[in-house]
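Values in this text are rule-based calculations from the coordinates and carry no lab data. The structure displayed is predicted, hence computed values, not measured ones. We place every Cβ from the backbone using ideal geometry, glycine too, and count neighbours over all the protein chains shown.
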Amino acid sequence: MKVLIIDGSPRKGGNCSILADKLLSSFEKFGVDTEIFKVGAKEIRGCVACGYCHTHGECVFKDEVNELSGKFCHADGLIVISPVYYGSPNGSIISLLDRLFYSSHFEKRYKVGAAFAVARRAGTVSSFDVLNKYFMLAE
């Protein structure tokens with residue numbers, strides 16, 4: 001079994017990273033092959049709905065999303081961790097997930113998915129809802 005963890009925080013050693021590391025150590029105890037992908041401060045632009053991915057099988061923007069798509073394809077589960085900024089997931093994680101789910105054309109149905117919204121104040125419920133919609137739409 002393989003699980004891919006996406007850490008959406010740009011802060012090194014922040015709460016999202018602490019959670020990702022705890023999940024990694026828990027999975028390793030049970031022999032689950034786990035990898036953490038840190039979005040961090042990477043420049044992930046949003047989808048422009050150009051349709052390139054439908055004819056070429058990958059996103060037109062040659063960045064981490066295409067690399068991550070292959071890892072997601074071979075994973076049995078995906079965990080997404082996002083900090084909450086102004087009541088929603090941060091922009092980098094949304095841009096990444098929009099392009100990852102839209103441009104990858106493998107069967108996502110029945111893959112296991114989990115989302116975590118990490119906040120100091122409010123906005124976790126709405127952020128959690130946004131993150132879980134990727135899993136619901138992909139079944």
Tally of residues being over 24 Å from Asn90 (Cβ atoms) and either in contact with a strand residue (DSSP E or B) (Cβ under 8 Å, 6 or more places away or on another chain) or in contact (Cβ under 8 Å) with a residue 12 or more places away in the chain (or both) across the range 32-51: 2
Residue satisfying all of: in the range 68-85; out of contact with any Cys (no Cβ under 9 Å at 6 or more places or on another chain) and not aliphatic (A, V, I, L, M); surrounded by the fewest Cβ atoms within 10 Å (Cβ to Cβ) among these: His74
Residue among Val60, Val65 that is surrounded by 14 or more Cβ atoms within 10 Å (Cβ to Cβ), over 19 Å from Val130 (Cβ atoms) and of a type outside the set (Phe, Trp, Tyr): Val60
Any pair with Cβ under 8 angstrom, 6 or more apart, that starts in the range 119-138 at a residue that is under 12 Å from Leu97 (Cα atoms) and without any contact (Cβ under 8 Å) to a residue 24 or more places away in the chain and ends at one that is outside any helix (DSSP H, G or I) and among the basic types (Lys, Arg): none
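This table checks each residue for (1) buried (at least 19 other Cβ atoms within 10 Å of the Cβ); (2) at negative phi.
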site: Gly87; (1), (2): no, no
site: Ser104; (1), (2): yes, yes
site: Glu107; (1), (2): no, yes
site: Lys111; (1), (2): no, yes
site: Thr124; (1), (2): no, yes
site: Asp129; (1), (2): no, yes
Filtered residue count, the range 86-139, keeping only those that are of a type outside the set (D, E, K, R) and part of a helix (DSSP H, G or I): 24
